[in-house]
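Please treat every number below as a calculation from the coordinates, not as lab data. These figures come from a predicted structure and were not determined experimentally. We place every Cβ from the backbone using ideal geometry, glycine too, and count neighbours over all the protein chains shown.
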Amino acid sequence: MELWFTEKYSPNSGITIKVKQELAHVKSKYQEMSVIDTYEFGKIMVLDGFIMFTDKDEFIYHEMITHVPLFSHENPENVLLIGGGDGGAVREVLKHNSVRSVELVEIDKMVVDASKEFFPQVSVGFSDKRFKLHIEDGIKFVKESKDKYDVVIVDSTDPIGPAVGLYQRDFYKNIYDILNDDGILVVQGESPYYTDTKKAFVNLNRELKAVFPFTRPYFAFIPTYPSGMWSLAYARKDGKEIKGPIRKKDFDTKYYNEEIHKASFAHPEFVKELLK
Ligand code: SAM
């Protein structure tokens, strides 16, 4: 018998992947998680029916959500991640020698535990001495934090359930306050293609623009996210229109490089229209 996993992108389309076996199925207070092993993408973490990442293409998202802001900053030392309990973004941030501390605020310990158990190559950074984990709501954390950060990265689920507030203006205002004057924020930015993700894409870019003097979404090709065309929203507190790397890469990557960094900020005509 063949088993297939389907994630719907709209009532009439989606992605379907042949499953070898389900390795785990658990529920927390916040969400339902499944870890499946597949023929094409290796192991996949699924939360509430949505693919979070796969063994095969996680490097694209994790490299792009981290190296674009970190290579746009003169000297990133203190980095804060909201969400991203799998640790993929932590692993990439720790490749930067300038980084002295990486704090991760994840609301759901279940995600951290599952990543440690099933995705050791993704959660590898959790044992680094520069890393600190907070299991709590990212919205509350940024509201109450007295610390300052050079880069803040919001690596969250879609704007449903506990993540709704991670796409709202008040949250971005609180992040603005905890960033240093040359600080940079990057937010998981949804896709401008399908109806639901398009709405989220437009809303979050509008909210960010209301708070930061320079904002611009950039793009990466991620095969297992809706439409493959995925955005990340970039915002600078100093208002400088920097859209390229200002430092040289001195470690290996599989997707990110200087040309990709610059090119990722180019917008197709329909996206320009959406952002007007
Ligand atoms: N980029 C991935 C995606 O959307 O496909 C997201 C990966 S990561 C697994 C997203 C994480 O955000 C989840 O583990 C979820 O528990 C966490 N999260 C959601 N709302 C949160 C909140 N309010 N505070 C902290 N973490 C949150």
Karplus-derived 3J(HN,Hα) from phi for region 195-212 (6.51 cos²θ - 1.76 cosθ + 1.60, θ = phi - 60°), whole Hz, x at Gly and Pro, runs 3, 5, 5, 5, 4, 5, 4, 5, 4, 5, 5, 5, 5, 5, 4, 6, 10, 9
Report, to one decimal in Å, the Kirkwood hydrodynamic radius for the chain based on all distinct Cα pairs.
18.8
How far apart, in nm, are two points set 7 Å out from the Cα along the Cα-to-Cβ line at Lys240 and at Arg169?
2.9
Taking Trp230, Trp4 and counting other beta carbon atoms within 10 angstrom, the fewest-first order is Trp4, Trp230
Residue-wise, which Karplus ³J(HN,Hα) couplings in Hz belong to region 143-159, taking 6.51 cos²θ - 1.76 cosθ + 1.60, θ = phi - 60°, and x for glycine or proline?
5, 9, 5, 9, 8, 10, 10, 8, 9, 10, 10, 9, 10, 10, 6, 4, x
Computed over region 1-146, Cα set: Rg, Dmax in Å
16.4, 56
Just need log10 I(q)/I(0) for region 3-54 at q = 0.23, 0.25 Å⁻¹, Debye formula, equal scatterers on the alpha-carbon atoms, no solvent, rounded to two decimals.
-0.85, -0.97
Based on alpha-carbon atoms only, what is the radius of gyration of region 96-169 relative to the globular estimate 2.2 N^0.38 Å?
1.18
With a/c under 1.5 counting as rounded, go ahead and sort region 119-250 into rounded, prolate or oblate using the C-alpha gyration tensor (a ≥ b ≥ c being the square roots of the eigenvalues; past the cut-off, prolate if a/b is larger than b/c, else oblate).
rounded
How big is the antiparallel share of DSSP beta bridges in the chain, given as a percent to the nearest 5?
65
Projected onto the charge dipole of the chain (+1 at Lys/Arg Cβ, -1 at Asp/Glu Cβ, origin at the Cα centre), which of Phe251, Ala24, Asn12 gives the Cα projection farthest towards the positive end?
Phe251
Sequence gap at least 6, Cα distance under 8 Å: using those rules, report the relative contact order of region 3-54 to the nearest whole percent.
25
What shape does region 187-244 take by its C-alpha gyration tensor, where a ≥ b ≥ c are the square roots of the eigenvalues and a/c under 1.5 counts as rounded, a/b above b/c as prolate, and the rest as oblate?
oblate
